[in-house]
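Shown next, in structure tokens, is the structure this report addresses.
Values quoted throughout were computed directly from the atomic coordinates according to the rules given, and no laboratory measurement underlies them. Fair warning: this is a prediction, and the values are worked out from it, not measured in the lab. Methodologically, a virtual Cβ is constructed for each residue, glycine included, from the backbone with ideal geometry; neighbour enumeration extends over all protein chains shown.
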């Protein structure tokens, strides 16, 4: 419908507005904008009820085709002016099977710019599994996996990048490997893809596990990026840690850990301090055979809003034909036709767009119900009307 559908604050409900916009949606579809997750809501995360919606581009990002080695899988997104900077580790369509670290700009995870190499593997066979942070005063700090060390094992490697220079990417060196004191097994540890960096002021937190001592996510702290002292075990679970973000709540800071285990699911764990985390909660399963084996993840967080999760996954158990996929934490919009047909969201396009498809022959007259990011809490009464299709709508929740 062309007129605004509007319900203002009444009877204790929040108001929601749905306005048709000029432009094109796919045939038969309502494309709803304005559905991105709001401020981090601890109650939703504690309940385990979260509306993560699959991006209709499945995968979101595939390897380039220029080279014959194509395996792209370890995403880490940072908010920047004008959008996002997405780091990832991969064989991104290159002539040799050596992992490197890449970056690509995107304003909104809808369109992407040119890709560039930011870390060359240098003397290592692989440098991958990037976890990125902003550096104070500008630039970036990356914690990656480097292989092999002197004992033919994987170790975390730290890189400080004042800027990204496409013409001259940083070349890894043996001196980039970090040290951890207080963990007697460190020299013989195999730390592959379980190397997470979280910065709070001058303190850098390192979360890691060793496949020689698996079943514990260790927590260490340092100040220079290279040297860390073991604090203890942050989580005792047989899962691989990939990202930790700090979020604010009225009750204080909370820490969100993301985990996988090369299987069909992802888990998260919440901590009230950076030292200890609760039992993990499964929140995502693969959508089909193409993302059957999930090998990495990275949260998408901006201004205390968890907008979604990116994850590397593939169809083969060898874990060497991966792509980057996306799920977005969104409000849930459901159309119910006057004939009783219920049309839930079909998918998302980036963190702020949702697609509803009304089947041919189903009346476009009916109601739209908007739910919070938990997928069950209504944000006001249903909006009644006859909806144009295809059409683009802007959702505003007050």
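The calculated FRET efficiency for the pair residue 184 and residue 396, based on their C-beta separation and a Förster distance of 51 Å, comes to about 0.35. Gain on full extension, evaluated as 0.36 nm per residue between residue 318 and residue 168 minus their Cα-Cα distance, stands at 50.7 nm.
Equivalent ellipsoid of the stretch 299-398: semi-axes from √(5λ) of the C-alpha gyration tensor, largest first, are 30, 18, 11 Å.
Taking the stretch 223-240 and a reference point 7 angstrom along Cα→Cβ of residue 273, the backbone N atoms nearer than 17 Å belong to 229-236.
Sorting the segments 324-330, 302-308, 237-243 by their residues' average number of neighbouring beta-carbon atoms within 10 angstrom, most packed first, yields 324-330, 237-243, 302-308.
Label sites at residue 263 and residue 341, each approximated as a point 7 angstrom past Cα along Cα to Cβ, lie 3.9 nm apart.
Remark on the chain: ratio of C-alpha radius of gyration to 2.2 N^0.38 Å is 1.03.
Using 1/(1 + (r/R0)^6) with R0 = 56 angstrom and r between the beta carbons of residue 111 and residue 226, what's the FRET efficiency to the nearest 0.05? Walk me through the numbers before you get to the answer.
On the way: r = 37 Å, r/R0 = 0.66.
In this case the efficiency is close to 0.95.
Pairwise inverse Cα distances across the stretch 85-177, averaged and inverted, put the Kirkwood hydrodynamic radius at 13.5 Å. Residue separation of residue 65 and residue 384 scaled by 0.36 nm, minus their Cα-Cα distance, works out to 110.1 nm of gained length. The stretch between residue 248 and residue 26 holds 76.1 nm of extra length on full extension. This uses 0.36 nm per residue minus the Cα-Cα distance. Each eigenvalue of the Cα gyration tensor of the stretch 145-188, multiplied by 5 and square-rooted, gives one semi-axis; in descending order these are 25, 12, 6 Å. A simple spin-label model places the labels of residue 134 and residue 80 1.2 nm from each other, with each point 7 Å out along Cα-to-Cβ. Counted over the chain, the DSSP beta bridges are approximately 95% antiparallel.
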